[in-house]
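Following: one structure in structure tokens, then a few remarks.
Nothing in this text is a laboratory measurement; each read-out follows from the coordinates by a stated rule. Only a predicted model underlies this, so the values are computations on that prediction, with no experimental measurement involved. No Cβ is skipped: glycine too gets one built from the backbone with ideal geometry, and neighbour counts run over all protein chains shown.
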Amino acid sequence: MKKTINIPLGSQHISLLEPVRFKFECENEKIVGVDSDVGFVHRGIEKACTTKFKYDGIGYVVARVCGLCAITHSLSYTVAIEELLNIEVTSKAKYLRILLLELDRIHSHMLCLSHTCENAGFEAMFMRIMGDRELIMEIQELLTGNRIQFDYINIGGVNRDINLEVATKIVNNLDRVKEKVMGYVDEFTNNWSLSLKFKRIGALSLDDAYKFNAIGPLARASGLNIDVRNEIKYLPYHEIGFKMQTHIDGDINARNIVRLNEILNSIEMCDNILAGIPEGEIQTKYKGKPNGESVVRFEAPRGELMYYVKANGTAMLERVRIKTPTFASIPAFSHIFMGENYADAPAILASFDPCLSCTAK
Amino acid sequence: MFTSFFKAFTNLFRKPQTIDYPLTPIPKDKDYRGLIEYREESCIYCLKCEKACPPGAILFVKSDNPSQNEKNKKGLVYNYNPYLCIYCSECVRACPKPDEALWQSNKKPEIAIKSDNVNSKWFELEKLK
Amino acid sequence: MKKIKVTLLDIVEEIKSFYDYKKWHFLTINGVALQDNMLEVQWIFSKYETLEEIVIFYVEIQYEDIIPSIVNIIPSAIISQRELVDMFGVEVEGSAKGLYLDKDSIQMPLRGCLL
């Protein structure tokens, strides 16, 4: 008869940023069963959106679902409302939205990479990446006035204009970050503790990625061509040089490489935006109350984010449904843990870049 | 390995990346988002800022000794809670006279302690509304 | 966005004949509270590598009805089903309560009757 032992990971654990509990059923060192509990930080934001706030303030409420992808949340909600009100946003506002979206992606990926390093026991690299991430935070603060909660997007446009001084600073800082990211690519491919150690650990095959509806860098590392930036028309991603980054291995190393390539692609896109930012207004006037329902998807740093908004012609909305990337990937996470060693679990978990405050909303 | 050894050695003589905070002040840009400031004389009491504020950090409540502004027919007094404010500057955009009556500065709010009773004072004001 | 109305009895068959796991990406299950104690349950899909193609299957049910599970067809639907159970207090085959809410917290917050 086989004997198994239950070992929990979390809800407070040294390798975790946020509370989540995994209950691993282990047979010796191998994980044979996974149970997860993700609801520790449930705040009832969906309920608050339909009872406490009017539709024009909800953009700021949903930005507080998650600190790292705040901009994607408020953008998705805003685009959903703009669709219902038939607002056409000026092209300058669209480019500024992409600019901040990509800056946000760069800093979020850097945070994830630094935590992967920390979980591999490479503290110096963790410090280095976190230090370099400050360059991105600095330009985000210059552009929006805040480091984390940008509150940059409102219905009909963006809140602040960009000026030449800020644009030059962004270009300079992005150049410096690009140089540093090149250095990381070297470390993540050649350094033993970051590359070889991670090969074939926590692998997800392409077929399983399809079956479990994996999204974001997790799916792209397995070779699945899913990137919402490729599938939407609200933002002109194809004009600014978006390239899908995929890998075939599907292991932790592949995820890191995909993230690094995405940072490089994002830097390239930001440079292209700043080189050709059009003239014009940043705000469109609008009238009326939203009516009807709309589904909007965007690519958050961790994957696909979906907003479903239903309105009935009054200032209060009927339903706001937020489907966050980590929430949708939990079945895939549980599948990946099967058959791995328990000792690898923290490293695998960090490579998913889980965002639990998104998940529990 | 040699390069990393060399790097580690030079790191000994490099300055830290962090700011020596109490001695050196944190760099502050003039556009950073901070407190909302208000000038009573220029206000026309349209109450647009109060309606626009997402968290409800601006309240106009009736007072016994209102200001001498002739636009203020209902005897209202402006109240602002910096601890509730999210500094999104929706109010400034809604204001018909931005930069004169209502504008955003780059100042920080003072740190409130328990004995200041900021919350209970604000709840009293909300009841008056 | 295409909306297809189905009945509760057919939903599993409909999704089974529609869903090709290499073509369609399953987004989520969504519930919307309607008037008169009715609930609209939506199964939302999008097509891979296609611009803006979203298909929604929906049923309108009473809160007492038991919703069939689609986990056999789409394994990742389990998490959305558990959320639906918690948020609306409906019964979905084989989905346990308690993903977000504890036993002592407010139950079925999104039904619309609580304020």
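Assorted remarks:
- Per-residue ellipticity at 222 nm, computed for the protein assembly as shown from helices alone with -39500 (n - 2.57) per DSSP H run of at least four residues, works out to -11500 deg cm²/dmol.
- Sites A:I5 and B:Q68, calculated FRET efficiency, Cβ-Cβ separation with R0 56 Å, nearest 0.05: 0.10
- Left without a cysteine partner by the 4.7 Å Cβ rule in chain A: A:C26, A:C49, A:C69, A:C112, A:C117, A:C270.
- Taking 7 Å steps out from each Cα toward its Cβ at C:L34 and A:D35 produces label points 3.6 nm apart.
- Against chain B, whose longest principal axis is taken from its Cα atoms, helix B:118-128 shows a tilt of about 30°.
- Residue by residue along A:39-49, Cβ atoms of other protein chains within 10 Å of the local Cβ number 3 on average.
- For the stretch C:2-110, the C-alpha radius of gyration divided by 2.2 N^0.38 Å, with N the number of residues, is 1.07.
- 0 to 90° range, to nearest 10: angle between helix C:77-88 axis and chain C longest Cα axis: 30 degrees
- Chain A: angle of helix A:164-190 to the longest principal axis, Cα-based, in degrees nearest 10: 20 degrees
- Order of C:L39, A:L164 under a 10 Å beta carbon neighbour criterion, fewest first: A:L164, C:L39
- When each of C:I56, B:I111, A:I58, C:I73 is scored by the number of other beta-carbon atoms lying within 10 Å, the sequence from fewest to most is B:I111, C:I73, C:I56, A:I58.
- Amide H contacts of B:L102 (H built 1.01 Å from N, under 5 Å, at least 5 apart or other chain): B:R39
- Antiparallel bridge percentage (DSSP; both residues within the protein assembly as shown; nearest 5): 90 percent
- Taken about its Cα centre, the stretch A:211-270 carries a charge dipole of roughly 140 debye when the Cβ of each Lys and Arg holds +1 and the Cβ of each Asp and Glu holds -1.
- Cα-only Debye scattering, the protein assembly as shown: base-10 log of I(q)/I(0) at q = 0.06, 0.10, 0.11 Å⁻¹: -0.34, -0.96, -1.15
- Alpha carbon centroid spacing (whole Å) that separates the stretch A:1-74 from the stretch A:227-297: 25 Å
- Since only B:N72, B:C88, B:C46 are under comparison, the one whose Cα sits farthest along the positive direction of the charge dipole of the stretch B:1-104, derived from C-beta charges on Lys, Arg, Asp and Glu, is B:C88.
- Computed from backbone phi with θ = phi - 60° and the Karplus coefficients 6.51, -1.76 and 1.60, the 3J(HN,Hα) list for the stretch C:58-66 is 9, 10, 10, 9, 7, 5, 7, 5, 9 Hz; x is used for glycine and proline.
- Remark: relative contact order (chain A) = 26 percent; criterion is Cα-Cα distance under 8 angstrom and separation of 6 or more residues.
- Couplings 3J(HN,Hα) of the stretch A:196-208, computed from phi: 5, 4, 8, 5, 6, 9, x, 7, 10, 7, 4, 4, 5 Hz, in residue order, whole Hz [Karplus 6.51 cos²θ - 1.76 cosθ + 1.60, θ = phi - 60°; x for Gly and Pro].
- Using a cutoff of 8 angstrom between alpha carbon atoms and counting only pairs six or more residues apart, the relative contact order for the stretch A:106-255 works out to 18 percent.
- Stokes-Einstein, applied to the Kirkwood radius of the stretch C:51-105 over Cα pairs at a viscosity of 1.002 mPa s and 20 °C, places its translational diffusion at 171 µm² s⁻¹.
- What the Cα atoms of the stretch A:41-360 give is an Rg and a Dmax of 19.4, 59 Å.
- Amide H within-cut-off set for A:R319, under 5 Å, with H built and near neighbours excluded: A:K310
- In this structure the amide hydrogen of A:S36, modeled in the peptide plane, comes within under 5 Å of the amide hydrogens of A:K23, none closer than 5 places in sequence on its chain.
- The ranking of A:T4, C:T7 by Cβ neighbour count inside 10 Å, starting from the fewest, reads C:T7, A:T4.
- Sequentially through the stretch A:239-256, phi angles give Karplus couplings (6.51, -1.76, 1.60; θ = phi - 60°) of 6, 10, x, 6, 10, 6, 9, 10, 8, 10, 6, x, 9, 4, 4, 4, 5, 5 Hz, Gly and Pro residues having no value and appearing as x.
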